Amino acid sequence: AVSCGSNPEIDRQLTKAEEIMEQHPDSAYMLLNGIDKETLSTKKEKARYALLMSMALDRNYIETTSFDVIQPAIEYYLDKGKGTPDDKLRTYYYQGRIFQNKGERDNALNSFVKGIDNSLNNTDSLTLVRTLVAQAYLYYEFYDFDSYTNANLRAATICKKLSHKNYEFQCLLNALNGAIVLENKNLADSLINLCNSFESLSYEQDKSLLEHQLSYDLKFGS
């Protein structure tokens, strides 16, 4: 019975890695890297490990163009429809990131769109934000500036609810960039006012905001 079920110690290590992933991705990666994959006895364990390791690689800026790591998660969460809405959203996102690393932009965008379309009832709002921003980046490359702007606005709204000021500010700046390209002065005015309402900006944020204001002046000024 034990050999056919999950290993409590493996479950504990996977849970710990997931808990520290956001704040300490390097430690999460080391913890996952220390797990002997031969001890993963069920498809559920293998899928969970595969997804967490994919998250750890991405969060530690270790780019991969291979699906070897995430494949068990794709087969379990997407092909078989197992797991939670969060599992599916995360798998679509990290699948898309690999496609991005491979330079396959259409496949990457398709993964991100599917992730967002299947994000109903998800609780991992940060992954949803990252998916929207990644999607927006591709829309920009495809010169779809309306979709680029709207995706960043949606991401900024979620960030505001989460009180992630830095993420929110960057998404608003991206949306402002889109509004300027689209020559939508009303939206640009609104976004500049929102950006100027932020307090205690870093030097880099101040500099970036100034650059966007100069772009605004060049587009709409006399």
>> Considering only protein heavy atoms and a probe of 1.4 Å, how much of the accessible area of the chain is carbon and sulfur, as a whole percent?
In response: 48 percent
> Hey, what angle do you get for helix 203-220 against the long axis of the chain, alpha-carbon based, 0 to 90 degrees rounded to 10?
Replying inline: 50 degrees
>> How big is the dipole moment of the chain about its Cα centre under a simple scheme where the beta carbon of each Lys and Arg is +1, that of each Asp and Glu is -1, and everything else is neutral? Debye, nearest 20, please.
In response: 460 debye
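If you take the beta carbon distance between Ser190 and Asp36 as r and set R0 to 41 Å, what does 1/(1 + (r/R0)^6) give as a FRET efficiency, to the nearest 0.05?
0.15
Which whole-number value in Å² is the accessible area per residue of the chain, probe 1.4 Å? Write down the numbers at each step before the final one.
Values: 12290 Å² over 222 residues.
Accessible area per residue, the chain: 55 Å².
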> What is the spin-label model distance, in nm, from Ser147 to Glu75 if the labels are put 7 Å beyond Cα along the C-beta direction?
Replying inline: 3.2 nm
> So what is the relative contact order for the chain, in percent, with contacts set as C-alpha pairs under 8 Å and at least six apart?
Replying inline: 11 percent
> Whose amide H sits under 5 Å from the amide H of Asn7, counting only residues 5 or more places off or on another chain, with H placed in the peptide plane?
Replying inline: Ser41
>> Using only alpha-carbon positions, what ratio does the radius of gyration of the chain give when scaled by 2.2 N^0.38 Å?
In response: 1.16
>> Given points 7 Å out from each Cα along the Cα-Cβ axis, report the Val113 to Lys165 separation in nanometres with one decimal.
In response: 3.7 nm
>> Give me the extension gain from Glu19 to Glu183: residue separation times 0.36 nm, minus the current Cα-Cα distance, reported in nm with one decimal.
In response: 54.7 nm
> With charges set only on the Cβ (+1 for Lys and Arg, -1 for Asp and Glu), what does the dipole of the range 65-172 come to about its Cα centre, in debye to the nearest 20?
Replying inline: 340 debye
> Label-point separation (nm) for Tyr61 and Lys102, each offset 7 Å from Cα along Cα-to-Cβ?
Replying inline: 2.5 nm
> If you take the charge dipole of the chain about its Cα centre, with +1 on Lys and Arg Cβ and -1 on Asp and Glu Cβ, which of Leu214, Ala50, Gly178 is farthest toward its positive end?
Replying inline: Ala50
>> Show me, for the range 74-89, the HN-Hα J-couplings you get by feeding each phi into the Karplus relation (A = 6.51, B = -1.76, C = 1.60, θ = phi - 60°), rounded to Hz, glycine and proline as x.
In response: 4, 5, 7, 7, 9, 5, 9, x, 8, x, 8, x, 5, 4, 5, 4
>> Can you tell me the orientation of helix 43-59 relative to the chain, as the angle in degrees between its alpha-carbon axis and the longest Cα principal axis, to the nearest 10?
In response: 40 degrees
> Looking at this model, which pairs from Lys16/Lys44; Lys44/Lys161; Lys46/Lys102; Lys16/Lys161 are more than 28 angstrom apart at the alpha-carbon?
Replying inline: Lys44/Lys161
> Rounded to the nearest 500, what is the chain's calculated 222 nm mean residue ellipticity when only DSSP H runs of at least 4 contribute -39500 (n - 2.57) each, over all residues?
Replying inline: -22500 deg cm²/dmol
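The values are calculated or read from the model by the stated rules, or taken from the named source; none is laboratory data. The model shown is predicted, which means the values in this text are computed figures rather than measured ones. As a convention, Cβ positions derive from the backbone with ideal geometry for all residues, glycine included, and neighbour counts pool all protein chains shown. We work out accessible area using only protein heavy atoms, side chains counted, and drop any ligands, DNA or RNA first. Shrake-Rupley method; radii C 1.70, N 1.55, O 1.52, S 1.80 Å.
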